[in-house]
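Notes follow once the structure below has been shown.
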Amino acid sequence: SAGILSFQCPVCQNREQFLSEMSALGIQIPLRRSSWWDDDMYPSLEERHQRCDVSKCLCPGGREQADEEGPWQLLLCSSCAAEGTHRHCSLLSRRTESWECDTCAGVGTCKRQRAACRCVVARHGLAA
């Protein structure tokens, strides 16, 4: 179902030599695009996440508001892009360029929790 555009060696991902070898062995590969390009099975892959997912969003415009910059700029998780946060909701500075969600960073280690829990870290003498 992948067609010739996605046909490659599974080990080294070389396309040209692999296609040549498969052709020499008599293996025919259809000259077509991948089947998943032609149907609407994966429309969500074309959509960008557009909401703040922190437990208590502080944005007066709501979770879906996303400014280009400033406190209501929406940052997506730099690892999965499946969750987002407003800078202000996660106490992120203007200099912060990336952020990771709890799932990707691990609960208790994500950057937004580190920023919010500095008093706990200082109180218990833990290294941040």
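The values are calculated or read from the model by the stated rules, or taken from the named source; none is laboratory data. Since this is a predicted model, take the numbers as computed values, not measurements. Here the Cβ is made from the backbone with ideal geometry for all residues, glycine too, and neighbour counts use every protein chain on show. Accessible surface areas use protein heavy atoms only, side chains included; no ligands, DNA or RNA. Shrake-Rupley method; radii C 1.70, N 1.55, O 1.52, S 1.80 Å.
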Given the candidates 77, 105, 93, the one whose Cα lies deepest towards the positive end of the charge dipole of the range 43-105, counting +1 at each Lys or Arg C-beta and -1 at each Asp or Glu C-beta, is 93
For the range 43-105, give the percent of accessible area contributed by carbon and sulfur heavy atoms, probe 1.4 Å, rounded to a whole number.
44 percent
Ordering 23, 6, 90 from largest to smallest accessible area (1.4 angstrom probe), what's the sequence?
23, 6, 90
